[in-house]
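Step one of this worksheet: look at the structure below.
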Amino acid sequence: MLEAGKKKGILVLSDGSIFRGLGFGAEKVSVGELVFNTSMMGYQEALTDPSYAGQILLMTYPLIGNYGANKGDFESKKVQVPAFVVREACELPSHKDSNATLDEFLGRNNTPGIAGLDTRSIVRRIRERGVMPACVCVYSGNEPDTAGLLAKANALDYSKINFVEQASVKKEEEYGAPGWKKIALIDCGAKQSIIRELVKRELSVTVLPWNSSSMSILSHDPDGVLISNGPGDPALLGNVAKTAKELFGKMPIFGICLGHQILAHAVGGKTFKLRFGHRGSNHPVKDLETGAVTITSQNHGYAVDEKSLPKEFVPTKLNLNDRTNEGMKHRELPIFSVQYHPEANPGPLDSLGLFDEFKRLVEEY
């Protein structure tokens, strides 16, 4: 546990709530939408997941940092969250691959963290009132002006910011080997684990910026297209939805998380914001075609309005917690998508077969 008397931390919610605790990581002020994740492990993967861009992440599991940080559990090249909130941050991690404490890891990535809070009460507040803007300040001198921190929190309108533009690659990246089938990955904030799973299946991957045109994508002569996960409101990504629609019928298309929502918008569907989102590695999802239930890893704050989907798309998955849509497919074309993360990391491996299904469609098309 972090020792008292070192850095201090303060969390201010836009509803005026103030929580004081112990600071760690970088000494700075950060603003973001406060969300929570129910996973018991995988904090490093979560911290580096581009889908969390613009969001202050709170872990519901009380013991965080027990196995430190390492070189392998990155989902992107940096920490993506503006700040991290935990009940207890371990200062003495134990793992053979650990090369940094949580404090050191966040410090290296210029990210503030706050511990020693009653995270259960904060989660209850979010569940009752919904996710909300917040401000985290880590300091070692005089206490900051809480009114100023509250003003910073209230000035944030998460739904108006295009975080995908920030999270996407700026130039093309290549993975895989010559001779393999080629996948064009539209990067809206893709996790590295998605690329790893494709390469494991001997699929070459060309990672393209989020705003690539259909002509640019087709110039790579791909055998399939994957639209990735990512942060923010899908309603802001009309250009990506238009591009996706222009690719219909030209090759198999697979959408993951935000990619699922983009495909819905591409065909005139709608999305809506969930009160507190789905973030964790224990969400039960029912396959409407087979009746099988899988436990899934999820990280999203918006959902597809199933009733808004056109008749050519069939709902295929159902969240058993709140009955929201978790997947769909085209009745005739090789196009399908899921709201959750089949690559997991962290999470169960129940849905890895979706990558095999995508490869099968690519090979058969």
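Of note:
- Exclusive hit being over 27 Å from His278 (Cβ atoms) and among the hydrophobic types (A, V, I, L, M, F, W, C), set Leu226, Leu198, Leu203, Leu236: Leu203
- From the list Glu357, Glu363, Glu332, the lone residue that is of a type outside the set (A, V, I, L, M), loosely packed, with under 14 Cβ neighbours inside 10 Å and either assigned to a helix (DSSP H, G or I) or in contact with a Pro (Cβ under 6 Å, 6 or more places away or on another chain) (or both) is Glu363.
- Verdict on Ser76 being closer than 25 Å to Tyr158 by Cα and outside any helix (DSSP H, G or I): yes
- Within the stretch 72-105, the set of residues being over 27 Å from Ser121 (Cβ atoms) and within 20 Å of the chain's Cα centre (by Cα) comprises Gly72, Asp73, Phe74, Glu75, Ser76, Lys77, Lys78.
Per-residue answers, yes or no, for (1) touching an Asp or Glu at 6+ places or on another chain (Cβ under 8 Å); (2) buried (at least 21 other Cβ atoms within 10 Å of the Cβ); (3) outside the structural domain of Ser76 (by TED's automatic domain parsing):
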| residue | (1), (2), (3) |
| --- | --- |
| Ile194 | yes, yes, yes |
| Pro209 | yes, no, yes |
| Ser216 | no, no, yes |
| Val225 | no, yes, yes |
| Pro231 | no, yes, yes |
| Asn239 | no, no, yes |
| Glu246 | no, no, yes |
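- When Lys311, Lys307, Lys286 are screened for being surrounded by 15 or more Cβ atoms within 10 Å (Cβ to Cβ), charged (D, E, K, R) and not assigned by TED's automatic domain parsing to the domain that holds Arg127, only Lys286 passes.
- One residue alone among Arg120, Arg124, Arg108, Arg129 is basic (Lys, Arg) and closer than 28 Å to Asp187 by Cβ, and that residue is Arg108.
- Qualifying residues in the stretch 343-354 (those that are in a loop (DSSP other than H, G, I, E, B) and in contact with a strand residue (DSSP E or B) (Cβ under 7 Å, 6 or more places away or on another chain)) - the one modelled with the highest pLDDT: Ser351
- Subset of the stretch 169-181 (residues that are charged (D, E, K, R) and out of contact with any helix residue (DSSP H, G or I) (no Cβ under 9 Å at 6 or more places or on another chain)): Lys170, Lys171, Glu172, Glu174
- Filter result for Thr48 (surrounded by fewer than 17 Cβ atoms within 10 Å (Cβ to Cβ), farther than 14 Å from Ala115 by Cβ and modelled with pLDDT of 95 or more): no
- Pairs with Cβ under 9 Å, 6+ apart, first in the stretch 173-192 and more than 17 Å from Gly230 (Cα to Cα), second among the aliphatic types (A, V, I, L, M) and at pLDDT below 95: none
- Counting only residues that are part of a loop (DSSP other than H, G, I, E, B) and over 26 Å from Val164 (Cβ atoms), the stretch 33-71 holds 11 of them.
- Residue in the stretch 248-264 that is surrounded by fewer than 18 Cβ atoms within 10 Å (Cβ to Cβ) and either without any contact (Cβ under 8 Å) to a residue 24 or more places away in the chain or out of contact with any strand residue (DSSP E or B) (no Cβ under 8 Å at 6 or more places or on another chain) (or both) present: yes
- Sole exception among (1) crowded, with 22+ Cβ neighbours inside 10 Å; (2) among the β-branched types (Val, Ile, Thr); (3) over 23 Å from Glu143 (Cα atoms) for Thr60, by number: (1)
- Highlighted here are the strands (runs of 3 or more DSSP E) found entirely within the stretch 220-320 that include at least 3 residues which are under 16 Å from the mean Cα position of the chain (by Cα): 270-287, 293-305.
- If you go through the stretch 37-69 and keep only what is farther than 17 Å from Asn109 by Cα and not polar (S, T, N, Q), you end up with Met40, Met41, Gly42, Leu58, Met59, Tyr61, Pro62, Leu63, Ile64, Tyr67.
The values are calculated or read from the model by the stated rules, or taken from the named source; none is laboratory data. Note that this is a predicted model, so its numbers are computed, not measured. Glycine gets a Cβ as well: all are built from the backbone with ideal geometry, and neighbour counts include every protein chain shown.
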